[in-house]
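Notes follow the structure.
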Amino acid sequence: EWNVVDSDKTAVLTFNPCATSEFACNNGMCLHRYFRCNQESNCDNGEDEEFCSQIIVPNGYNSMVPLASTVATLKLKYTILLLNLLNVDVVTSTFYVQFRTNVQWIDDRLTYKNLQPKENLVSLEDWKQIWIPDFVMKNTEDTAHTTTNPDEHHSIVKLDMVNVTKFTPEYSDQYYNDFYYEGSNVRISKTNTYSYAFICPYDWRDYPFDTQVCEMEIILASARSNQIEVDLHTFSNLSDYSTFTILLTNYSTRIVNDQNFITVQIKMHRDFTPLLLNTYLPTFTLTVINQLTNYFIGFELFEGIIAVNSTTLMTLASLFISVFNSMPESTYIKMMDIWMIVTF
């Protein structure tokens with residue numbers, strides 16, 4: 001064996017019977033290439049777990065652009081899974097939603113090495129070197145960017161081989177027994193979970209028989225955005241929130257001013273049964289009792305009529321105050337306002 005010094009690393013050259021698809025340990029033992037950098041030491045001295053950086057960034061690589069100038073289109077698969085509706089704030093006109101995103105693309109400018117056939121988790125240090133799509137939550141208060149999200153460092157970035165049999169055993173200028181894969185043969189996948197408060201112009205005119213339609217407006221912020229073809233998929237695990245039934249109704253992508261716009265539409269349909277039992281039925285009953293008292297009790301019981309009317313008015317006033325305090329504020333008259341005025 002010979003020790004060969006290459007920059008700051010030392011390689012051990014050995015004579016061995018290993019095939020080009022196998023890794024040679026320093027003692028001559030041969031391992032399948034998938035044992036190379038599989039996070040388990042399979043050689044006696046653990047040399048199969050040395051120098052395990054997975055991404056090779058070429059000189060001149062520009063992490064600000066998504067594709068080489070010679071490539072016409074980059075296909076980007078974007079999946080949104082709506083997880084929870086955390087809050088509906090009628091004061092700030094926002095809905096606070098938690099969702100998970102997965103974005104997949106291929107960057108053929110890169111080269112990869114020593115990948116596993118199924119799951120290859122990428123370290124933060126590695127994936128920070130490459131182009132990562134940045135999504136802007138357009139209708140949030142601060143127009144939030146995903147790349148500046150405080151939890152962005154918790155991203156799960158994976159590499160998946162498109163064709164597991166297509167690899168180059170070694171580079172001619174390398175002393176290390178590595179297995180290389182072209183960028184066109186490797187799919188990058190990035191998964192995140194976000195929580196944002198999106199602005200929604202609520203319309204309360206039909207309250208409490210209203211249905212609110214809100215949108216998540218997302219922009220893909222990237223150079224050459226018009227060359228990125230977004231394949232959007234959206235799913236929902238949203239459960240009912242308070243008196244609202246939540247439905248995912250529509251999603252779409254479009255190009256506006258050379259930018260990719262993504263819209264996810266959520267419909268919130270209110271269940272008015274609680275208000276029917278707590279407000280409409282009591283006020284209707286009190287109004288009927290009041291009218292029956294006025295028309296069917298003789299004037300000889302005038303004092304009783306006055307007592308019933310006074311009690312009814314005070315009870316209705318108490319109900320009105322309670323209902324008005326719980327209703328969303330608006331500059332226009334709502335259906336609930338009309339009902340209260342009529343019954344009073």
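The values are calculated or read from the model by the stated rules, or taken from the named source; none is laboratory data. Because the structure is a prediction, the values reported are computed rather than measured. Every residue, glycine among them, receives a Cβ derived from its backbone with ideal geometry; neighbour counts consider all protein chains shown. Just so you know, the surface numbers come from the protein's heavy atoms only, side chains and all, with ligands and any DNA or RNA stripped out. Shrake-Rupley method; radii C 1.70, N 1.55, O 1.52, S 1.80 Å.
Is region 319-329 home to any residue that is under 30 Å from Lys138 (Cα atoms), open to solvent by less than 40 Å² (accessible area, probe 1.4 Å) and under 36 Å from the mean Cα position of the chain (by Cα)? Yes, that holds for at least one residue. Scanning region 129-139 for residues that are in a loop (DSSP other than H, G, I, E, B) and within 15 Å of Thr101 (Cα to Cα) yields a total of 2. When you scan region 77-89, do you find a residue that is out of contact with any helix residue (DSSP H, G or I) (no Cβ under 7 Å at 6 or more places or on another chain), assigned to a loop (DSSP other than H, G, I, E, B) and surrounded by 17 or more Cβ atoms within 10 Å (Cβ to Cβ), even just one? Looking through region 77-89, none of the residues is out of contact with any helix residue (DSSP H, G or I) (no Cβ under 7 Å at 6 or more places or on another chain), assigned to a loop (DSSP other than H, G, I, E, B) and surrounded by 17 or more Cβ atoms within 10 Å (Cβ to Cβ).
Only one of Arg205, Arg224 is over 23 Å from Ile132 (Cα atoms), among the charged types (D, E, K, R), open to solvent by 60 Å² or more (accessible area, probe 1.4 Å) and over 21 Å from the mean Cα position of the chain (by Cα); which?
On the way: Arg224 fails: over 23 Å from Ile132 (Cα atoms).
The conditions single out Arg205.
Would you check if there is a residue in region 248-266 being open to solvent by less than 40 Å² (accessible area, probe 1.4 Å) and either in a helix (DSSP H, G or I) or farther than 30 Å from Lys75 by Cα (or both)? Lay out the reasoning, then the answer.
Residues of region 248-266 that are open to solvent by less than 40 Å² (accessible area, probe 1.4 Å), as a first pass: 260-264, 266.
Remaining after also requiring either in a helix (DSSP H, G or I) or farther than 30 Å from Lys75 by Cα (or both): none.
No: region 248-266 contains no residue that is open to solvent by less than 40 Å² (accessible area, probe 1.4 Å) and either in a helix (DSSP H, G or I) or farther than 30 Å from Lys75 by Cα (or both).
Being surrounded by fewer than 15 Cβ atoms within 10 Å (Cβ to Cβ) and in contact with a strand residue (DSSP E or B) (Cβ under 6 Å, 6 or more places away or on another chain) is the filter here; which residues of region 230-242 pass it?
Residues of region 230-242 surrounded by fewer than 15 Cβ atoms within 10 Å (Cβ to Cβ): 231, 233, 235, 237, 239-240, 242.
Of everything in region 230-242, those that are surrounded by fewer than 15 Cβ atoms within 10 Å (Cβ to Cβ) and in contact with a strand residue (DSSP E or B) (Cβ under 6 Å, 6 or more places away or on another chain) turn out to be Asp231, His233, Phe235, Asn237.
Restricting region 262-309 to residues that are of a type in the set (Gly, Ala, Ser) and at pLDDT below 80 leaves a set whose member that is nearest to Met340 (Cα to Cα) is Gly304. If you go through region 140-167 and keep only what is modelled with pLDDT of 90 or more, open to solvent by less than 20 Å² (accessible area, probe 1.4 Å) and not in a strand (DSSP E or B), you end up with Ala144, Thr146, Ser155. Of note, Asp126 does not satisfy the criterion of being surrounded by fewer than 15 Cβ atoms within 10 Å (Cβ to Cβ) and either more than 20 Å from the chain's Cα centre (by Cα) or in a loop (DSSP other than H, G, I, E, B) (or both). Looking across region 295-318, the residues that are open to solvent by 60 Å² or more (accessible area, probe 1.4 Å), farther than 24 Å from Leu277 by Cβ and part of a helix (DSSP H, G or I) come down to Tyr295, Phe296, Phe299, Glu300, Leu301, Phe302, Glu303, Ile306.
If you scan region 55-76, which residues turn out to be within 17 Å of Thr146 (Cα to Cα) and either open to solvent by less than 60 Å² (accessible area, probe 1.4 Å) or part of a strand (DSSP E or B) (or both)? Hits for region 55-76 are Ser63, Val65, Pro66, Leu76. Go through region 185-202 and give me each residue that's among the charged types (D, E, K, R) and open to solvent by 20 Å² or more (accessible area, probe 1.4 Å). Residue satisfying the conditions is Arg187 alone. From the residues in region 17-38 that are surrounded by fewer than 17 Cβ atoms within 10 Å (Cβ to Cβ) and without any contact (Cβ under 8 Å) to a residue 12 or more places away in the chain, which one is farthest from the chain's Cα centre (by Cα)? Taking the candidates together, the pick is Ala19. Is it the case that some residue within region 112-120 is open to solvent by less than 30 Å² (accessible area, probe 1.4 Å), hydroxyl-bearing (Ser, Thr, Tyr) and more than 19 Å from the chain's Cα centre (by Cα)? Looking for residues that are open to solvent by less than 30 Å² (accessible area, probe 1.4 Å), hydroxyl-bearing (Ser, Thr, Tyr) and more than 19 Å from the chain's Cα centre (by Cα), one finds at least one in region 112-120, hence yes.
Filtered by the rule that a residue be over 26 Å from Phe324 (Cα atoms) and in contact (Cβ under 8 Å) with a residue 12 or more places away in the chain, region 279-307 gives Thr293, Asn294, Ile305.
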